[in-house]
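First the structure, in the form of structure tokens, and then the observations on it.
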Amino acid sequence: MRAVDVLESLELVGSSQWGLVTTAQAHEAGVSKMHLSRLAERGTVQRVRHGVYALPSADTGPLQGLRAAWLATGSQPAGNQPLAVVSGESAAVVYGLGDVLASRYEFSTAVRRQTTQPDIRYLKRDLLDGDVAWVDGLPVTSVARTVNDLATGGTDFDHLAAVVRDAVATTDVTSGSLVQALEPAAERFGSPDGNAMLAAFLKAAGFRPDTGLLELAAPELREKLLRALAPQFEDIVSRAVDEQLRQLGQRIDYTSATQHLVNAARPDGTRDAARRQDRKIDDGGAADSAGSEPVATVLGGQAGQRGHEPRRRG
């Protein structure tokens, strides 16, 4: 078989998996180990790890090593039932969460697996469908499950705070799922519950919504604020916006027409509650407070958002 024919056969295999091919896949395509070795000697293909080669078309980005390790498990991008799911620190790297540096490639498997390769770790466990997301052809634990794994797996406070910050800022994870993910680790970090943990992590990581937008005209406030932030913030920011508007209403003597505009700017689900709250304040009452500080209180604080460029690695 001519070298050009060998390479063409390999490219057909690697075209759907980032330009990578395993020796087993090459054998199925009619390419022997001898042919692969000759191509590697000429520099036509690059040996990424034992049994995995990068073709000329390969993506040489920061995830190449992880992808090669995943292919070495026998998994394929087109498989509906992946043999291995990228997990833990490796999953955080895929999502670009925090400053986590994976010391090993970590995979979750439904059956117990062992390996002699020191840079691979297998963890036997069953994952629900909602715990797995496909990211550029890789099966990866969901953002919430990844946060849970790191929180319960020994990641320190500062690194975990950066992970949570980036999860909120760059992914579509909801605050509710993050609270649930952090709940099992609350005692470890000395927090009363997951909500308090989420608030503490975001505060420690310097995350703040851009409250400078609160100076805009009231009817445009909510629309412009939520447009400036990612859609996934709505469940957190809506409460923060409502609180800011309520405070503005206390400081400024609105006419009834202006107050109507302010109420119109409130998130739909909070207008009735806001009216009831305003009536309680007018009557000299005060809102009850108990438990941990709501996340909205932390997010609705002073301006000074730490700049963070949304990013995704892949």
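Between ASP126 and THR152, the simple spin-label model (points 7 angstrom out along Cα→Cβ) gives 1.5 nm.
Taking the number of Cβ atoms within 10 Å of each Cβ as an exposure proxy, the fewest-first ranking of LEU10, LEU83 is LEU83, LEU10.
Rounded to 0.05, the FRET efficiency of the ASP5 and ALA110 pair, given R0 = 35 Å and the Cβ-Cβ distance, is 0.35.
What number does segment 97-176 give for Rg over Rh if you use C-alpha atoms and the Kirkwood radius? Using only Cα positions, Rg/Rh for segment 97-176 is 0.97. Among THR155, THR22, sorting on how many other beta-carbon atoms sit within 10 Å of each Cβ, with the fewest leading, yields THR155, THR22. The HN-Hα couplings worked out from phi for segment 154-162 by the Karplus form 6.51 cos²θ - 1.76 cosθ + 1.60 (θ = phi - 60°) are x, 5, 6, 4, 5, 5, 5, 4, 5 Hz, whole numbers, x standing for Gly and Pro. For segment 6-20, putting each phi into the Karplus relation 6.51 cos²θ - 1.76 cosθ + 1.60 with θ = phi - 60° gives couplings of 4, 5, 5, 5, 5, 5, 5, 6, x, 4, 9, 9, 6, x, 10 Hz, in residue order, rounded to whole numbers and with x for Gly and Pro.
The mean sequence distance of close C-alpha pairs (under 8 Å, at least 6 residues apart), as a share of the length of segment 25-97, puts its relative contact order at 16 percent. Local charge for ALA102 was computed over the other residues whose Cβ lies under 10 Å away, with Lys and Arg +1 and Asp and Glu -1, and equals -1. Positive contributions from Lys and Arg (+1) and negative ones from Asp and Glu (-1), summed over other residues with Cβ under 15 Å from the Cβ of HIS50, come out at +3. Going from the fewest other Cβ atoms within 10 Å to the most, the residues ASP166, ASP59, ASP156 appear in the order ASP156, ASP59, ASP166. Across segment 21-30, rounded Karplus estimates of 3J(HN,Hα) from the backbone phi angles (6.51 cos²θ - 1.76 cosθ + 1.60, θ = phi - 60°) give 8, 8, 5, 5, 5, 4, 4, 5, 8, x Hz, Gly and Pro being marked x. Rounded to the nearest 20, the size of the Cβ-charge dipole of segment 3-60 about its Cα centre is 280 debye, with Lys and Arg at +1 and Asp and Glu at -1. With only the Cα atoms considered, segment 78-133 has a convex hull volume of 88 Å³ per residue. The H on the amide N of VAL173, modeled in the peptide plane, is under 5 Å from the matching H of no residue at least 5 residues off or on a different chain. Taken along its three principal axes, the alpha carbon spread of segment 67-204 comes to 42, 28, 24 Å, from the longest extent down to the shortest.
Take the Cα of GLU41, step 7 Å toward its Cβ, do the same at ASP119, and the gap between the two points is 2.5 nm.
Note that segment 3-60 carries a Kirkwood radius of 10.8 Å, evaluated over its alpha carbons pair by pair. Of the peptides 113-120, 85-92, 128-135, the order by per-residue mean of other Cβ atoms within 10 Å, starting with the highest, comes out as 85-92, 128-135, 113-120. Taking 7 Å steps out from each Cα toward its Cβ at HIS50 and GLN180 produces label points 4.0 nm apart.
Summing Cβ point charges (Lys, Arg +1; Asp, Glu -1) relative to the Cα centre of segment 42-150 gives a dipole of roughly 500 debye.
Every number here is computed from the coordinates shown, using simple stated rules; none is lab data. Model, not experiment: these values are computed from the prediction. For neighbour counting, all protein chains shown are included, and Cβ atoms are generated from backbone atoms with ideal geometry for every residue, glycine included.
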